[in-house]
Amino acid sequence: MRIKNGEDLSKLRKSIMQKRDKNRRLITVCGGTGCRAYGCEDLIAALKNEVEKSGLKGKVEVKATGCPGFCERGNLVVIYPEGIFYQRVKTEDVPDIIKETIVGKKIVDRLLFVDQVTGQKVTYEKDVPFYKKQTRLLLGNNGIVDPTDIEDYIVIGGYSALAKALSTMKPEKVIEEVKKAGLRGRGGAGFPAGLKWEITRKAKGTQKYVVCNADEGDPGAFMDRSLLEGNPHSILEGLTIGAYAIGASNGFVYVRNEYPLAVQNVTLAVEQARERGLLGEKILGTDFSFDVEIVRGAGAFVCGEETALMASIEGARGVPKQRPPFPSDRGIWGKPTNINNVETWANVPIIIEKGADWYSKIGTKGSKGTKIFALVGKINNTGLVEVPMGTTISETVYGIGGGIPNGKQLKAIQIGGPSGGCIPKTFIDVPIDYDELKKLGGMMGSGGMVVMDEDTCMVDVAKYFLEFLLEESCGKCTTCRDGIERMLEIVTRITDGNGTMKDLDTLSELAEVVRDASMCGLGQTSPNPVLSTLRHFRDEYVAHIKDKKCPGRVCKALITYSIEKDKCTSCGACKKRCPQGAISGEKGKPYKIDPSKCIRCNVCYETCKFGAIKKE
């Protein structure tokens with residue numbers, strides 16, 4: 001059915017809801033990339049097979065959804081209408097789920113989540129601490145919508161915001177609403193989205209473009225991927241509303257080719273939206289026409305930068321260009337272009353539907369709404385976290401993330417990917433928003449949040465990000481191309497135990513030059529990991545240089561291994577695993593390590609069950 005106007009959309013929504021059996025049980029299974037690695041496709045097939053085998057076909061529906069965020073606990077299964085939450089589900093658990101829970105209405109205890117703080121089992125999804133302490137404006141629908149079915153999105157109110165904008169709001173009013181809401185771009189620097197739209201609308205030219213930047217390349221970040229995989233229509237609706245406000249007739253979704261499921265789902269969503277009259281000519285019976293093209297990126301991190309992304313869309317090599325002119329004046333093929341990232345566009349339908357006044361009550365004075373973070377690293381509950389702007393690091397790491405594994409202590413949080421900075425635990429109660437992070441020498445970035453414990457070497461962290469950035473630099477400007485390489489040489493020298501105190505002054509000076517003189521955002525922000533670690537963890541650099549010690553016991557050149565006599569049981573496990581034959585000994589006597597043969601591979605340390613291997 002082609003939707004001709006807002007009334008048609010409402011009728012279709014009612015029609016779909018009437019056709020669906022309200023009494024039918026629903027089993028949802030996370031079908032995102034993370035759970036696919038856990039084998040969710042086999043699990044879904046097993047559930048459907050068991051439902052049919054048990055004579056429940058037509059009475060029980062099995063639905064694959066997007067990623068609801070709790071990646072640490074996949075496979076994730078939720079049973080409705082109760083909202084029973086099962087985690088780490090395997091195919092062998094399927095018969096018990098159907099027999100015990102669906103038929104017998106009993107709980108399978110072994111599949112319940114155990115609260116790390118209270119030690120109690122949690123039965124319902126709404127009571128799981130990981131979810132309970134979030135504000136899931138964007139991610140909330142990921143766990144209930146089939147991303148391959150536009151009707152699922154329409155049932156939850158999808159495209160109502162578009163109908164509202166086209167039928168009751170002039171383009172200028174839409175822009176004013178987004179400005180009033182205080183929405184800032186979620187892709188990095190946090191530029192006000194409404195202001196960006198207004199500039200593009202006022203730019204000269206009849207042909208204009210809007211772009212969804214889904215070239216998410218930060219190590220450990222997967223927020224945009226999960227939104228595109230799990231609820232692609234929310235992004236398309238936001239993009240279409242933005243196009244209407246700006247006066248664009250064509251749009252692009254620029255998505256990494258390394259995201260095959262995201263590419264697949266958003267491509268299907270575009271096709272479905274066209275079939276329903278929600279993309280294409282005279283959308284919802286108005287004079288507004290707009291269509292979207294999917295462009296797959298080739299994996300260059302620098303193409304996340306606006307001008308490089310536009311060059312890639314045009315079919316050229318993805319390298320940045322000097323600004324001004326800015327994309328809002330001269331973008332794709334010289335036409336005014338507005339670029340926002342996935343998360344920014346996904347916020348737009350919510351703002352239009354619920355209003356700027358409602359939205360602006362969430363967050364802080366300068367940073368409104370929620371922010372999705374990829375909470376990874378040394379954390380118990382790895383996954384996607386959506387919290388109001390202004391939520392503290394402590395609340396995120398401990399309240400939602402469940403704290404640090406193995407009783408270790410938090411050392412730092414790295415926020416913003418390679419462009420971000422490392423924030424020490426002393427600032428754990430600082431609210432997370434654009435302005436506060438900037439004061440600490442970091443930035444929001446796209447939202448990667450890497451948790452680091454006491455065993456992390458902060459000099460090695462700086463080295464890791466410099467290696468990544470050097471590999472991803474396009475090499476166009478000297479300060480970025482050569483500056484990052486020189487910074488990496490200095491940091492590497494320090495981790496090898498050959499650094500001098502003068503190196504720290506040189507490193508600091510060089511980082512500031514790269515930051516101030518590089519052409520694009522990649523080069524300008526590349527020193528952040530160096531500058532933030534020098535600022536907050538200078539003592540670790542000094543320890544590497546003066547004491548020839550790595551406090552985190554990570555840098556191989558500065559580590560020595562020995563066996564503590566009073567703890568060694570002479571079991572021989574370490575000797576068997578040592579690849580260099582560096583360990584010797586006999587039964588009844590403590591073993592020894594030959595430093596001249598030891599390659600510091602850490603195998604012995606990981607093998608010993610008695611804590612006899614000393615690493616310092």
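The values are calculated or read from the model by the stated rules, or taken from the named source; none is laboratory data. Quick caveat, the model's predicted, so the values are computed rather than measured. Cβ placement follows ideal geometry from the backbone for every residue including glycine, while neighbour counts extend to all protein chains displayed.
The criterion of at least 1 residues that are outside the structural domain of Ile98 (by TED's automatic domain parsing) and among the hydrophobic types (A, V, I, L, M, F, W, C) is met by the following helices (runs of 4 or more DSSP H) wholly inside the range 1-77: 6-19.
Being in the same structural domain as Gly217 (by TED's automatic domain parsing), more than 22 Å from Lys133 (Cβ to Cβ) and in contact with a Pro (Cβ under 6 Å, 6 or more places away or on another chain) narrows it down to one residue among Thr337, Thr344; which is it?
Details: Thr344 fails: in contact with a Pro (Cβ under 6 Å, 6 or more places away or on another chain).
So the residue among Thr337, Thr344 that is in the same structural domain as Gly217 (by TED's automatic domain parsing), more than 22 Å from Lys133 (Cβ to Cβ) and in contact with a Pro (Cβ under 6 Å, 6 or more places away or on another chain) is Thr337.
Scan the range 268-283 and give yes if some residue there is within 29 Å of Pro219 (Cα to Cα), out of contact with any strand residue (DSSP E or B) (no Cβ under 8 Å at 6 or more places or on another chain) and crowded, with 24+ Cβ neighbours inside 10 Å, otherwise no. So far as the range 268-283 goes, yes, one or more of its residues are within 29 Å of Pro219 (Cα to Cα), out of contact with any strand residue (DSSP E or B) (no Cβ under 8 Å at 6 or more places or on another chain) and crowded, with 24+ Cβ neighbours inside 10 Å. Candidates in the range 24-55 are the residues that are under 28 Å from the mean Cα position of the chain (by Cα) and hydroxyl-bearing (Ser, Thr, Tyr); of these, the one that is surrounded by the most Cβ atoms within 10 Å (Cβ to Cβ) is Thr28.
Scanning the range 315-349 for residues that are surrounded by fewer than 23 Cβ atoms within 10 Å (Cβ to Cβ) and among the β-branched types (Val, Ile, Thr) yields Val319, Ile332. Of the residues in the range 66-77, none is over 30 Å from Leu162 (Cα atoms), without any contact (Cβ under 8 Å) to a residue 12 or more places away in the chain and of a type in the set (A, V, I, L, M).
Of the helices (runs of 4 or more DSSP H) that lie entirely inside the range 142-249, those containing 3 or more residues that are more than 24 Å from Glu125 (Cα to Cα) span 160-168, 171-181, 193-202, 232-246. For the range 76-121, taking the residues that are under 19 Å from Asn49 (Cβ atoms) and among the polar types (S, T, N, Q), the one that is surrounded by the most Cβ atoms within 10 Å (Cβ to Cβ) is identified as Thr101.
For residues that are β-branched (Val, Ile, Thr) and not in a strand (DSSP E or B), scanning just the range 367-384, find the one that is farthest from the chain's Cα centre (by Cα). Out of the qualifying residues, it is Ile379. Under the condition of being on the phi < 0 side of the Ramachandran plot and surrounded by fewer than 24 Cβ atoms within 10 Å (Cβ to Cβ), the residues counted in the range 219-243 number 2.
Per-residue answers, yes or no, for (1) part of a strand (DSSP E or B); (2) closer than 15 Å to Pro192 by Cα:
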residue: Val295; (1), (2): yes, no
residue: Leu309; (1), (2): no, no
residue: Gly318; (1), (2): no, no
residue: Asp329; (1), (2): no, no
residue: Ile339; (1), (2): yes, yes
residue: Trp345; (1), (2): no, yes
residue: Ile351; (1), (2): no, yes
residue: Asp357; (1), (2): no, no
residue: Lys365; (1), (2): no, yes
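Among residues belonging to the range 100-141 that are assigned to a loop (DSSP other than H, G, I, E, B) and among the basic types (Lys, Arg), point out the one that is nearest to the chain's Cα centre (by Cα). Filtering first and then ranking leaves Arg136. Quick check on the range 86-108. Is at least one of its residues among the acidic types (Asp, Glu) and touching a strand residue (DSSP E or B) at 6+ places or on another chain (Cβ under 7 Å)? Looking through the range 86-108, none of the residues is among the acidic types (Asp, Glu) and touching a strand residue (DSSP E or B) at 6+ places or on another chain (Cβ under 7 Å). Residues being free of Cβ contacts under 8 Å to residues at least 24 places away in the same chain and among the hydroxyl-bearing types (Ser, Thr, Tyr) are entirely absent from the range 119-131. Considering the range 385-428, and only residues there that are on the phi > 0 side of the Ramachandran plot and under 16 Å from the mean Cα position of the chain (by Cα), the residue that is surrounded by the most Cβ atoms within 10 Å (Cβ to Cβ) turns out to be Gly417.
Among the residues of the range 454-469, just one is free of Cβ contacts under 8 Å to residues at least 40 places away in the same chain and surrounded by 18 or more Cβ atoms within 10 Å (Cβ to Cβ), namely Lys463.
One line per residue, one yes/no per condition, for (1) within 23 Å of Lys365 (Cα to Cα); (2) in contact with a strand residue (DSSP E or B) (Cβ under 9 Å, 6 or more places away or on another chain); (3) of a type outside the set (Ser, Thr, Tyr):
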| position | (1), (2), (3) |
| --- | --- |
| Thr391 | yes, yes, no |
| Glu395 | yes, yes, yes |
| Gly403 | no, yes, yes |
| Gly416 | yes, yes, yes |
| Pro431 | yes, yes, yes |
| Val451 | no, yes, yes |
| Thr456 | no, yes, no |
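Of all the listed residues (Gly390, Gly377, Gly399, Gly421), the sole one being in contact (Cβ under 8 Å) with a residue 24 or more places away in the chain and closer than 14 Å to Pro529 by Cα is Gly421. Looking across the range 427-439, just one residue is in contact with a helix residue (DSSP H, G or I) (Cβ under 8 Å, 6 or more places away or on another chain) and assigned to a helix (DSSP H, G or I), and that is Phe427.
Residues in the range 297-314 that are under 26 Å from Glu237 (Cα atoms), crowded, with 18+ Cβ neighbours inside 10 Å and not acidic (Asp, Glu): 10 in all. So for the range 525-539 (the condition being among the aromatic types (Phe, Trp, Tyr), in contact (Cβ under 8 Å) with a residue 40 or more places away in the chain and under 29 Å from Glu343 (Cα atoms)), does at least one residue qualify? Within the range 525-539 (the criterion being among the aromatic types (Phe, Trp, Tyr), in contact (Cβ under 8 Å) with a residue 40 or more places away in the chain and under 29 Å from Glu343 (Cα atoms)), the answer is no, since none of the residues qualifies.
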